[in-house]
Every structure is written in C-alpha cells, then in structure tokens.
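S.K.: The structure's right below; bear with me while I get my questions together.
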Amino acid sequence: MPNNYGIWQNFRSPLMWDVFAVSTYFTVSVLFWYTGLVPDLATLRDRARSKIKKFMFGIFALGWRGSNRNWRHYEIAYLLLAGLSTPLVLSVHSVVSFDFATSILPTWHSTIFPPYFVAGAIFGGFAIKLHDIITPQHIDKMAKIILLTGSFVAYAYAMEFFISWYSGNAFERFAFWNRVFGPYWWYWWVGMLFCNVLSPQLFWFRWCRRNLYVVYFVCMCVNAGMWFERFIIIVGGLHRDFLPSAWGLFIPTWVDIWTFIGTLGIFTSLFLVFVRYLPMIAMSEVKIVVPEADAHYATAVEHHPVAPGGKERT
C-alpha cells in the first residue's frame, strides 16, 4: 500500500529494531528467570499452608517432583536458555546503541558505540552484591570483572576523543571540547572520569577487592557514573547542536525530578515484593556449588575424612 502519510512502520529505523531486540531479550530473560525458579516454586508449594498459595505455587511449579528425570530436563533447558541469553546481551545493547550511532549528531554517530554500550551494561550490572549468599571469592571475581569492563569503558572514552581529533571534523571536535569544558563539565570529570574510569582502578589491589567498604564505594561510583554517562550522551549531544540559535541548557522541572524519583521508588517496591514471596537466589544454583554436588565427593571423603579446618567431615 502507498505510504504517503508515513503512518506505517519504518523497518530501516533502529527504533524499530529496538522493538524486536528488547522484546526478544525480555522474553528470554523472563523464561530464564522463571526456569530457575521452578524447583523453588515446588518447595514453596510443598510447604504452603493455605490452599490458595498451594494452588498458585502448584500451577507455576509445572508438576515438579524433584526426580532424576526432572533435574536432567531442567539442567538442559537452563543451559540452553543461558546460552541463548549470552548473545542476546550483545545484540540488544548493540541495537540500542544504533539509535545514536546511525544519527548525524556529533558525539553520537560513532562506530564504537556497540561495544561501548555492551561493556557499559556489564560494567554497571556487576556493581551489586548480596551479603552471606555471595562469598568473598565471588566478590573478588566480580571486582576483577568490574576492573576489566571499566578498562573497556576507559578505552572507549579515549577512542571517542581520538576519533574526534583524527577525523578533522570541526563539529565533532567542538562537541567533545564542549563535553569536557562546557556547561556540563563536572558531569564528565566527576561522573564519567572519576566514577567510571578512576575508581575501579582500586581493584588492582587485592586488599581493596576484599574490603567490602571499598567494594561498596566503587560499586556506588559505577552506578552513578553510568547514569551520568547516559545523561552526557543524550543531553550533551543535544544542548548545543549545529544551530547556535537553538542552544540551551537542560534544567529539569519538578515533573522530571519526581518522575526520576518515582522510577527508583517503583523499582524498589517491586523488588521488595518479589523478595517477600520468592527467593532471591535459586535453590539449584546453591546446590550445585556445595561440595556434595561433586561427583567425586564420596571418594574424597573416603580418602580424606578430615576437613582442612581439622573437623571431621559429616
């Protein structure tokens, strides 16, 4: 049909790609999350006291009985979904970055955006921790991943400035000069440089990776820095475009401020509702890391009945 009025979807637009990428990623993530909960839902079903809870948990437990066949099929399905989720993480953040990279606006149209966004997503996603469930070894390894992805982000920042200088594009050079010394200069120096680049460098030292206060400080810096990064990308690229007559500063209204606060509130509320009725850590993931899950555990106990701490194994 003719599209004279432009009312049909433009499948060449990255905004349309977002619909498919994000919806696919959301669907697989929900299936992966739900599959991991099946053994826990069955446990909640068996321990429920009210008939309503027993009925509801029974529906979502999908007839789980904990048999060898159940566990075998469960592990295969969980592994397949995990393998499917990994490339989706790369694709969805790459597609989201195309929203900016395919434009002609300075600081946006850059080929480094796809790996830049992927590294930033992993960088910010690892800036969390759970006490008692996640051990110091987990914290140490996650700190190393934060250091690695933080180095990727630092490299992306450096390449952005190098490309703006090497390209010889006056608009691009001005945009990045404005990013560092313009009205939003402290957003870049404090929010991006310090929080995203300098603070993770503490994790080169082992005592910093083992100190929960230092880890907490760096994680909060990373979370704040990633917010500042998105702000700089969007507002920093728009507040001074090609027409000086259109220049201006973004000043949030009370609607903007309370909308932002509301997003934090609704996330916290939904998260607390989730942990009130469902477990935060999947039972299966805890069971597979205990010593008894090792296929050679019985042989190890037979040859070494005393644990390294001096206590007899039970």
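Read-outs throughout are calculated quantities, based only on the coordinates presented, and are distinct from any laboratory measurement. The model shown is predicted, which means the values in this text are computed figures rather than measured ones. Neighbour counts run over all protein chains shown; Cβ positions are idealised from the backbone, glycine included.
S.K.: Using just the helices of the chain, give the 222 nm mean residue ellipticity in deg cm²/dmol: DSSP H runs with n ≥ 4 each add -39,500 (n - 2.57), and the total is spread over all residues, rounded to 500.
M.R.: Roughly -22000 deg cm²/dmol at 222 nm, from the helical runs in the chain.
S.K.: What whole-number volume per residue, in cubic angstrom, does the convex hull of the C-alpha atoms of the chain give?
M.R.: Taking only Cα atoms, the chain has a hull volume of 231 Å³ per residue.
S.K.: When only Cα pairs under 8 Å and 6 or more residues apart are kept, what is the percent relative contact order across segment 1-91?
M.R.: 31 percent
S.K.: Do any cysteines of the chain lack a neighbour Cys whose Cβ is under 4.7 Å away, and which are they?
M.R.: Unpaired cysteines in the chain: Cys208, Cys219.
S.K.: Looking at the square roots a ≥ b ≥ c of the eigenvalues of the Cα gyration tensor of segment 1-127, which shape do they give, rounded for a/c under 1.5, prolate if a/b is larger than b/c, or oblate?
M.R.: Since a/c reaches 1.5 and a/b is larger than b/c, the shape of segment 1-127 is classed as prolate.
S.K.: Provide the net charge surrounding Gly63, with neighbours chosen by a C-beta distance below 12 Å and charges set as Lys +1, Arg +1, Asp -1, Glu -1.
M.R.: It works out to a net charge of +3.
S.K.: May I ask for the net charge around Gln201, where only other residues with Cβ less than 15 Å from the Cβ of Gln201 are counted and Lys, Arg are +1 while Asp, Glu are -1?
M.R.: Taking every other residue near Gln201 into account, the sum is +3.
S.K.: Where nothing but the Cβ of Lys and Arg (+1) and of Asp and Glu (-1) is charged, how large is the charge dipole of segment 40-195 around its Cα centre, in debye to the nearest 20?
M.R.: Taking the Cα centre of segment 40-195 as origin, the dipole is about 1040 debye.
S.K.: Let me check I've understood the local charge: for Tyr157, count other residues with C-beta under 11 angstrom from its C-beta, Lys and Arg +1, Asp and Glu -1. What total comes out?
M.R.: With Lys, Arg at +1 and Asp, Glu at -1, the net is -1.
S.K.: Only helices at least 15 Å long along their own axis, judged from Cα atoms, and with Kyte-Doolittle mean hydropathy of 0.5 or greater: name those in the chain from DSSP H.
M.R.: Span-like helices here: 14-47, 113-125, 136-166, 212-238, 254-277.
S.K.: Using the alpha-carbon centroid of each, what span in Å lies between segment 211-230 and segment 15-64?
M.R.: If we compute the Cα centre of each part, the gap is 31 Å.
S.K.: Also, quick follow-up: Which of rounded, prolate or oblate describes segment 34-102 when judged by the alpha-carbon gyration tensor and an a/c cut-off of 1.5?
M.R.: oblate
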